[in-house]
């Protein structure tokens with residue numbers, strides 16, 4: 001089992017029970033899935049760039065990435081229906097906890113001028129989204145073999161009922177939220 005999964009079961013669940021005032025373990029917020037995606041809008045015609053992004057995403061997450069296609073044509077972006085425009089991976093279970101552990105402990109501290117994750121990335125239902133400007137912060141990506149720097153979006157889907165429960169869960173898991181400068 002993942003280190004973060006063991007910590008969730010042994011340490012975080014009792015804290016959440018106490019803080020939320022619930023006795024039922026199943027009613028507590030928990031992670032459901034993490035979706036990691038890369039949008040490659042500028043490189044619509046470049047197959048090599050898409051393959052490199054799929055390879056990087058696969059090495060970062062430990063799971064094969066799926067190529068996403070456009071659903072409709074947009075003439076302003078020179079985009080036709082069915083064109084390959086990105087890639088994504090949905091992580092669940094053990095791989096989800098391992099990825100979140102590596103994101104919190106290895107990748108985020110390597111981001112230049114990192115002051116914390118924006119706490120306003122919640123959607124109203126306890127789910128959290130964030131973006132990284134480059135995938136080079138993960139140690140699995142070899143910087144010598146990278147020809148294109150590519151950012152990624154990370155969406156953490158939880159079973160929380162509202163933003164406060166989701167924020168509490170992620171804070172207990174170790175997500176470094178930015179402190180408000182006015183306080």
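The values are calculated or read from the model by the stated rules, or taken from the named source; none is laboratory data. This is a predicted model, so every value here is computed, not measured. Please note: Cβ atoms are built from the backbone with ideal geometry, for glycine as well, and neighbour counts cover all protein chains shown.
Within segment 119-139, the residues that satisfy the criterion of being farther than 12 Å from residue 56 by Cα, touching a residue at least 12 places away in the same chain (Cβ under 8 Å) and either touching a strand residue (DSSP E or B) at 6+ places or on another chain (Cβ under 6 Å) or surrounded by 15 or more Cβ atoms within 10 Å (Cβ to Cβ) (or both) are 119, 122, 126, 127, 128, 129, 130, 131, 132. Whenever a residue of segment 97-111 is without any contact (Cβ under 8 Å) to a residue 40 or more places away in the chain, its partners that are in a helix (DSSP H, G or I), lying with C-beta atoms within less than 7 angstrom and at least six residues away or across chains, give the pairs 107/137; 110/137; 111/137.
Just to verify a result, which residue in segment 136-150, among those that are part of a helix (DSSP H, G or I) and under 20 Å from the mean Cα position of the chain (by Cα), is nearest to residue 48 (Cα to Cα)? Per the criteria, the residue is 136. Residue 89 fulfils the conditions (1) assigned to a strand (DSSP E or B); (2) at pLDDT below 90; (3) closer than 26 Å to residue 158 by Cα except for a single criterion, (2). Checked against (1) in contact with a helix residue (DSSP H, G or I) (Cβ under 9 Å, 6 or more places away or on another chain); (2) at negative phi; (3) buried (at least 18 other Cβ atoms within 10 Å of the Cβ), residue 143 passes all but a single condition, namely (3). Which residue is nearest to residue 147 (Cα to Cα), if the candidates are limited to segment 51-81 and must be assigned to a helix (DSSP H, G or I) and touching a strand residue (DSSP E or B) at 6+ places or on another chain (Cβ under 6 Å)? Going through the qualifying residues, I end up with 53.
Condition first: under 29 Å from residue 165 (Cβ atoms), without any contact (Cβ under 8 Å) to a residue 60 or more places away in the chain and out of contact with any helix residue (DSSP H, G or I) (no Cβ under 8 Å at 6 or more places or on another chain). Can you find one or more residues in segment 27-47 that meet it? So far as segment 27-47 goes, yes, one or more of its residues are under 29 Å from residue 165 (Cβ atoms), without any contact (Cβ under 8 Å) to a residue 60 or more places away in the chain and out of contact with any helix residue (DSSP H, G or I) (no Cβ under 8 Å at 6 or more places or on another chain). Before we move on, is residue 34 at pLDDT 90 or above and farther than 19 Å from residue 137 by Cβ? Taking the combined requirement at face value, the residue does not satisfy it.
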